[in-house]
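What follows is a short report on a single structure.
The values are calculated or read from the model by the stated rules, or taken from the named source; none is laboratory data. Since the model is a prediction, treat every value here as computed from it, not as a measurement. Positions of Cβ are generated from backbone atoms using ideal geometry, with glycine treated the same way; all protein chains shown enter the neighbour counts. Calculation scope for accessible area: heavy atoms of the full protein, side chains included, ligands and nucleic acids excluded. Shrake-Rupley method; radii C 1.70, N 1.55, O 1.52, S 1.80 Å.
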Amino acid sequence: GSLIEQLTTEKYECMVCCEVVRIVAPVWSCQNCYHVFHLNCIKKWARSPASQAEDGNSGWRCPACQNASTQVPKTYTCFCGKVHNPEWNRNEIPHSCGELCGKKRQCLDCPHLCNILCHPGPCPSCPAFVTKTCECGQTSHSVRCGQSTKIHCSNVCGNTLNCGKHSCTQVCHAGKCSPCQLTVQQVCYCGSNFKEVLCGTKEEFSDGFGNFSCQNICGKKLNCGRHNCTQVCHPQPCQLCPRLPQVVYRCPCGQTPLSKLLELGCVERKICTDPIPSCGKTCGKPLSCGSYEFVHTCESLCHEGECRPCSHTSNIYCRCGFKKKTGFGVFLFFIAAITFMCDKRCNKKRSCGRHKCNEVCCVDTEHKCSLVCGRKLNCGLHRCEEPCHRGTCQTCWQTSFDELTCYCGESVIYPPVPCGTQPPECKKTCTRPHDCDHPVYHSCHSEEKCPPCTYLTQKWCMGKHELRSNIPCHLTDISCGLRCNQMLKCGMHKCKRICHKGECLIDEECKQPCTIPRLYCNHPCMAPCHPSSPCPTTSCCAKVRYPKKIHCQIAAISIATKLTDLQLGDSVEISRLITKKEMKQARLQCDEECLALQRNRRLAEALEIDDNSDPFNIRSSGPKYSDLLKEDARKDLKFVSDIEKEMRMLVEAVNKGKHTKKSHCYPPMNRDHRRIIHELAQVYGIESVSYDNEPKRNVVITAVKGKSICPSNTLTSVLDKEMQSRPPPPIPHYKQTDKSSGNSGLSKPVKEEPVIDYFDVQD
């Protein structure tokens, strides 16, 4: 009914092309699932490789039910198959002929044909009534022909069971009766053993007396009446006595006929107990010992009964052939019963190529690996459960029948989803909760952690020196590149580290030089910081102007050497601690610099100019460069000169141009070079900011019109002047010698009187 309605209203879709099936389009209907397809679509599908059955010989598969068919449909027929190219009639079902269906119904035992008009889908059940008997055949009932249920009555079945002796006691049932459950006692063929079995089982093995073999020696009397049967329990009758005269024709070893021995005078045998004549030759019967290469035989004379044990020795090899054992025949007989194995382990690789065989006394040729592979599959979640093998493992066979979606649910992968499939990509904005309130610019993702927020914000540096701009939101520890300058625990010094995180000194003590003035010379102590202890009594190493630099240590050491007498209990006059000779040695002779200073001083006194005055603003106009910056510039003069050149060009460009600001970005560099740029930027009045993380951290400088200036003296020029003002090193004097003395040229320097070096005196 559903098919008729959808085909009539043209709402039924073809599974191949997903288009609506029109009422005038040629169609084909599957006789297994009754789906309707366009005839041209099903032809194309049947010829495509995707439609072929797995075995390759069963034809093509239906797109809906996967039922295999061998013939490809070629003509357009009605649903019942009687009319080719049926015409559409408004009063009839589309694609039908309008006549009786006449197809055989699905019920196997229904003899009636379908009696409704040509229709799609399966034929309805047969409406006719028939008389059917119950399963046991004792009663009959009138039922619908198409009824598939079996009829059961309440009577006992009564059919004969498989044993042929008893009848079935079950109520009317379907199928064959169950085997007889009664037990009977059966006897073996020789009559010595009994056992109980179900009635009717193993009746075909009966010989009229017994039903089974007990595997013991029969032991019945033979037809001779003197010997017993030596065969295993067997059906009747027993064989003839093997010693009867009419049965034995040869001697015991079998080499000579008895007729020949009778001619030689041997007594003819009358009964089975008479001895069998011997031929007198060597027995020669093969013994149970020996090997494949050499068979041992009996060396006794022709005799009756069992042969005696072998007296020869032979070798027996283990099953892999690595070891052998030598012994007598009897010994080897028992060894042959138990397989002889050596203790050598096989070192060959198994079929997987990963593991060794390690079998004891191995005789295997393929060496198949019996271990489980256990390697991870391509999904990364499950492991290979196949036997250990070579090459890559197969793809994971597990499949999920749940929809796989992205985090927000916009993108969906419909089942079946192979194991290990990643969530689909989604172009929607991420909807996960974030730590900050800034706008989200990244797309929806399957990772639990979102990418870091790159929104530019303002943040304080770690030392709270300045508020930095254009800092990504996810950065927390920002260094401004300046000195920390926070007071240390000692209370005397400030931290000299570059802007850092946490406390300045955690587990360390301050080691900066002490700045407390000394008692005698007022110079700083310069010993390692000692906040809780007094300054140590060490010699002062400071430099003073007299008018040139001279060590204050001369006077201090002289006083220290004289004060040693106080320790012995003597009195010392302090005014006489330094003698005139020592003062004379402490004085320096005037050079050209001293003469120039004296001339300038006299000229200033004549013009009444104060030494501390600066009428032309010469001293204050010059830039102030720190000693640390000068020291760094001496180490890398080319770098400093290039930086100053860039800064001067930037300041001149912004002062002459129409823009109020201009910036310049330096390439990534180390921390020392960035510090030099920051200090030079302060001298030039330029703003400097560091960006990015190590090792790509760089500096950007910005010159502002009216604020940035070019100093009159650059750092390189100041260093050049300082180098020129330094006095040249002393030149050693050499004594001229007469030519007549035989020595030509210069002689050794003139030896002067030794001068006391007060800086080398120990405390």
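Working from label points 7 Å from Cα in the Cα-to-Cβ sense, the Tyr414 to Val143 distance is 4.3 nm.
A Cβ-based charge dipole, computed about the Cα centre of region 1-124 with Lys and Arg at +1 and Asp and Glu at -1, lands at about 240 debye.
Entry note, region 1-160: relative contact order of 14 percent, from Cα contacts under 8 Å with a spacing of 6+ residues. Rg over Rh for region 627-718 works out to 0.96, both radii taken from alpha-carbon positions and Rh defined as the Kirkwood radius.
A Förster distance of 22 Å, applied to the separation of the beta-carbon atoms of Ala174 and Gln106, puts the FRET efficiency at 0.60. In this view, the solvent-accessible surface of Asp274, computed with a 1.4 Å probe and all protein chains in place, comes to about 40 Å². Diffusion of region 82-133 by Stokes-Einstein, at 4 °C in a medium of 1.567 mPa s and with Rh set to the Kirkwood radius over alpha-carbon pairs, works out to 103 µm²/s.
Contact order, relative form, for region 627-718: 34 percent (alpha carbon pairs under 8 Å, 6 or more residues apart, mean separation divided by residue count).
Figure note: Glu366, Glu646 ranked by solvent-accessible area, largest first, 1.4 Å probe, ligands and nucleic acids not counted: Glu366, Glu646.
When the surface is traced with a 1.4 Å probe over the full set of protein chains, His434 keeps roughly 60 Å² accessible. Rg then Dmax, both in Å and based on the Cα atoms of region 1-124: 14.8, 45. Ranking Tyr625, Tyr317 by solvent-accessible area of protein heavy atoms (1.4 Å probe, all protein chains present), from largest to smallest, gives Tyr317, Tyr625. Take the Cα of Lys658, step 7 Å toward its Cβ, do the same at Ile506, and the gap between the two points is 5.6 nm. For region 1-124, the number of Lys pairs separated by eight or more positions or lying on different chains, with C-alpha atoms closer than 26 Å, is 14. The solvent-accessible area of Glu466, taken with every protein chain present and a 1.4 Å probe, is close to 60 Å². Glu299 sits among other residues whose Cβ lies under 13 Å from its own Cβ, and their net charge, with Lys and Arg +1 and Asp and Glu -1, is +3. The largest accessible area among Asp109, Asp632 belongs to the first residue in Asp109, Asp632, and the rest follow in falling order (1.4 Å probe, all chains).
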